[in-house]
Amino acid sequence: MRTFRVKQWLAALLTGASLTLASLGAQAEDPFKVGFIYVGPVGDNGWSYQHDLGRKAVEKNLGDKVKTTYIESVPEGADAERAITNLVKDGNKLIFTTSFGYMNPTAKVAKKYPDVTFMHATGYKQEKNLGTYIAKSFEGRYVAGFLAAKMTKSNTIGYIASFPIPEVIRDINAVQLALNRYNPKAKLKIVWVNTWFDPGKEADAANTLMDQGADVILQHTDSPAAMQAAERRGGVYGVGQDSDMSRFGEKAHLVSVVQNWEDYYTGVVKSVMDGTWKSGDFWGGMAEGVVTSNNFNPALSEELKAEATKIIDEIKGGYNPFTGPIKDQKGEVKVPEGSSMSIADLAKMDWYVEGVEGDIPK
Amino acid sequence: MIKLQPRREPSALMVYLSPVLAGLLTLITGAILFTALGYNPLTALHTFLIAPLQDSQGVSEWLVKASPILLCAIGLAVAYRANIWNIGAEGQLLMGALVGSAVALQFPDSESKAVLVLVLICGILAGMFWAGIAAYLKTQFNTNEILTTIMLNYIALNLLQYAVHGPLKDPEGYSFPESAAFSAGATLPTLMEDGRVHIGFGLALIAVLLVWFLVSKSFLGFQMKVMGMEAKAAKFAGYPEKRLTWLVLMISGGLAGLAGVCEVTGPIGQLIPNVSPGYGYAAIIVAFLGRLHPIGILAASLLMALIYMGGELAQIKLSTPAALTSLFQGMLLFYLLACDVLIRYRFIKTKPTTLSQGAN
């Protein structure tokens, strides 16, 4: 009996040892693990949904060599640091944190784990192992502004704005610049909703703007509610945000300002895998394929589509919509003729261009 | 027809066993749910309930998550025992965070922990003030505190949003809605070298002890209990109803305020728009899950925190959707309430009374 027990014990020990060895051997071929933190549910039809399409593309493009993991609906508070740390502890070597509120938690975790690479969307803090990236959505917004300038009959354009941060101010300005250049009679009406995602509030804002005569509604919020409200009203155009929102307004959809992360994410993962990744601040626009705004409403005239496509091609070719002369609200020249605003200046834009009415909320 | 009839005497044993029973039923249903979704039920339950606590860092995070819920719930229990329905822990927490942050930001380079003491006291006072508005309306005009505290939640949230987008915004922060980081002096000391658990959890434990003493050992606690069970009896006995109302709301408001100020000075370290993912509301569930008893609430808040963390880990390890966490929490509450109903009531079949029976 006793010998039997010892034998059993030995057998167990040997099995354990061989399994350990096997797993050690397997480690060499383990896939490269990439983690994602989303602020909303992956089914939000907007921001997080587009980032998750990027994650899926990484899996598709790189196959067995990578394994991706995501955590959705992570609050931008005390929970974020734990969620990011848990991804590190799970063996992820590259982690994308896809909302501004994750900036400080990401920076804290990055400091603690120097051999893990972190990519934070829309922030401004960089470290050796922490890079930032953002979409130049203002390029798409400029094209949308052009179409709005041409399509409006009431010369009133509604704009649903989320928070007065540089990204949102920049995009409002891009639309106003397009109006100044293509239809100076058109006026922009802005409603601040102080949320990124609240379908009820967004629909209310859209209805208010339409009641005030707006016949094109642009939005810098993530739900399709405004598009749906425009479709219900009839005779009003909506501009989609983040994802292709044409499916929410067959008649109303003018164009969407879409963010595409598929190729960019695949490229980042590859560069971290082969060791060529370097920290920095990446701004992806139309030239990089990160921003697109060419899903025009099929009912638009061919000339208009051609003109919009021409603008898109110019931007792809290096044209910056923030090219002078640009004046501020007081009429002071901020960007002289012939020069254009740098990324550094655009990154902290906190003033309205000439033509925008009202003040930036404080 | 099936009717619910009150039992003459609910089994004392079952009253205590009910949470355990609810827990077991949740586990069983959870296992069935996981199997139906194609996950191995044992692995899934292990990931949800055991894996989050497998290292000291996990335990530390567990206590960090439980602290604000515990502080809010323990205060709510005091009010609920006296039949005062404070639904406003969320707003009181946010006010604590807001005022605490405003004070902390006045000392940008301080190293002295005296600043922290001041910040914590201001946070507590802010929570008390916010609950005090409801107490004033209740005692002066007999306003329903459920309504006033809910409405005050929204006001507090909007005040916080205003402050973080406006006067308390970090001037160097590219106008993003965040305050500057707090100085070392205004930051809660941590209890572990390698973890985020801070003395806020210690304060919560002290609150548990004090509240236990108050409700179980003091005459004041007895008065509250009588007021909660039968307001008329309390009046007849000459207990000061208004003063008791003020007292319970001050206690629950102050503790919620402390929870808020501990969040911003502890794991967050600055004022942000999303201080709380709804701790004040989760605390209502936790207070009832814990039977309004301090020790029960301690256990319930730890369980609630564990389910949050487990849900997150399950997303990482098993790729389950986030909605599963909410489902799990909802199930637990559902079973607890169901068990409670069946312990206090029983089903009886009633025969429809007909004319012929009446004539008999």
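All of the numbers you see were taken from the coordinates with simple rules; none came from a lab. Quick caveat, the model's predicted, so the values are computed rather than measured. Quick reminder, even Gly has a Cβ in these numbers, built from the backbone with ideal geometry, and neighbours come from all protein chains shown.
Net charge of the neighbourhood of A:A226, taken over other residues with C-beta under 14 Å away and scored Lys/Arg +1, Asp/Glu -1, is -4. Round to the nearest 10 and give me the degree value, 0 to 90, for the angle of helix B:56-81's Cα axis relative to the longest principal axis of chain B. Rounded to the nearest ten degrees, it is 60.
What shape does segment B:1-117 have by the C-alpha gyration tensor, where a ≥ b ≥ c are the square roots of the eigenvalues, rounded means a/c under 1.5, and otherwise prolate means a/b greater than b/c and oblate the rest?
Details: a/c = 2.94, a/b = 1.44, b/c = 2.03.
Since a/c reaches 1.5 but b/c is at least a/b, the shape of segment B:1-117 is classed as oblate.
In this structure, the amide hydrogen of A:K334, modeled 1.01 Å from its nitrogen in the peptide plane, lies closer than 5 angstrom to those of A:I326, A:K327, A:D328, counting only residues at least 5 positions away or on a different chain.
In the structure displayed, which of A:K153/A:K310; A:K33/A:K108; A:K278/A:K362 lie more than 31 Å apart, Cα to Cα? Walk me through the numbers before you get to the answer.
Working: A:K153/A:K310 23 Å; A:K33/A:K108 20 Å; A:K278/A:K362 36 Å.
Pairs exceeding the cut-off: A:K278/A:K362.
Amide H contacts of A:G240: A:M245, A:L254, A:V255, A:S256, A:V257, each under 5 Å away and 5 or more positions distant or on a separate chain (H built 1.01 Å from N in the peptide plane; Pro and chain starts excluded).
Taking other Cβ atoms within 10 Å as a rough exposure proxy, B:L94, A:L177, B:L298 sort from fewest to most as B:L298, A:L177, B:L94. Counting other Cβ atoms within 10 Å as a rough exposure proxy, the listed residues A:D222, A:D64, B:D170 run A:D64, B:D170, A:D222 from fewest neighbours to most. With contacts taken as Cα pairs under 8 Å at a separation of at least 6 residues, chain A carries a relative contact order of 16 percent. Karplus-derived 3J(HN,Hα) values for segment A:157-165, using 6.51 cos²θ - 1.76 cosθ + 1.60 with θ = phi - 60°, are 10, x, 9, 9, 10, 8, 10, x, 9 Hz; glycine and proline are entered as x. With K and R counted +1 and D and E -1, the other residues having a Cβ less than 14 Å from that of B:H165 yield a net charge of -2.
Based solely on its DSSP helices, what 222 nm [θ] is calculated for the protein assembly as shown when runs of n ≥ 4 H residues each add -39,500 (n - 2.57) and the sum is averaged over all residues, nearest 500 deg cm²/dmol? Each step should come with its number before you reach the end.
Numbers: 25 runs with 398 residues, N = 722.
Dividing the helical sum by the residues of the protein assembly as shown leaves -18500 deg cm²/dmol.
Local charge for A:L94 was computed over the other residues whose Cβ lies under 15 Å away, with Lys and Arg +1 and Asp and Glu -1, and equals +3.
Computed from backbone phi, the HN-Hα couplings of segment B:127-137 come to x, 5, 4, 5, 6, x, 4, 5, 5, 4, 4 Hz, rounded to whole numbers (Karplus: 6.51 cos²θ - 1.76 cosθ + 1.60, θ = phi - 60°; Gly and Pro given as x).
Show me the helices of chain A, taken as full DSSP H stretches, that run 20 Å or more along their long axis by Cα and average -1.0 or above in Kyte-Doolittle hydropathy.
Span-like helices in chain A: A:2-27, A:137-151, A:166-182, A:302-316.
By its C-alpha gyration tensor, with a ≥ b ≥ c as the square roots of the eigenvalues, how is chain B shaped: rounded for a/c under 1.5, else prolate for a/b larger than b/c, else oblate?
Values: a/c = 2.11, a/b = 1.31, b/c = 1.61.
Verdict is oblate for chain B.
Counting neighbouring beta carbons within 10 Å and listing from fewest to most, the residues A:D211, A:D345, A:D242 come out as A:D211, A:D345, A:D242.
Would segment A:204-293 count as rounded, prolate or oblate if I go by the C-alpha gyration tensor, calling it rounded below 1.5 in a/c and otherwise prolate when a/b exceeds b/c, oblate otherwise? Present the calculation step by step, with values, prior to reporting the outcome.
Numbers: a/c = 3.77, a/b = 3.12, b/c = 1.21.
Judged from the Cα gyration tensor, segment A:204-293 comes out prolate (a/c at least 1.5, a/b above b/c).
All C-alpha pair distances within the protein assembly as shown, sorted into 10 Å bins from zero, spread as 3, 13, 20, 22, 19, 13, 7, 3, 1, 0, 0 percent across the bins.
Filter the cross-link list A:K185/B:K169; A:K187/A:K327; A:K89/B:K113 down to pairs whose alpha-carbon distance in this structure exceeds 27 Å. Each step should come with its number before you reach the end.
Numbers: A:K185/B:K169 36 Å; A:K187/A:K327 16 Å; A:K89/B:K113 33 Å.
Going by Cα-Cα distance, A:K185/B:K169; A:K89/B:K113 fall outside the 27 Å limit.
Ordered from longest to shortest, the equivalent ellipsoid semi-axes for chain A are 47, 21, 18 Å, each the square root of 5 times a Cα gyration tensor eigenvalue.
Couplings 3J(HN,Hα) for segment B:288-299, derived from phi with the Karplus relation 6.51 cos²θ - 1.76 cosθ + 1.60 (θ = phi - 60°), are 7, 4, x, 6, 6, 9, x, 5, x, 5, 4, 5 Hz, where x marks Gly and Pro.
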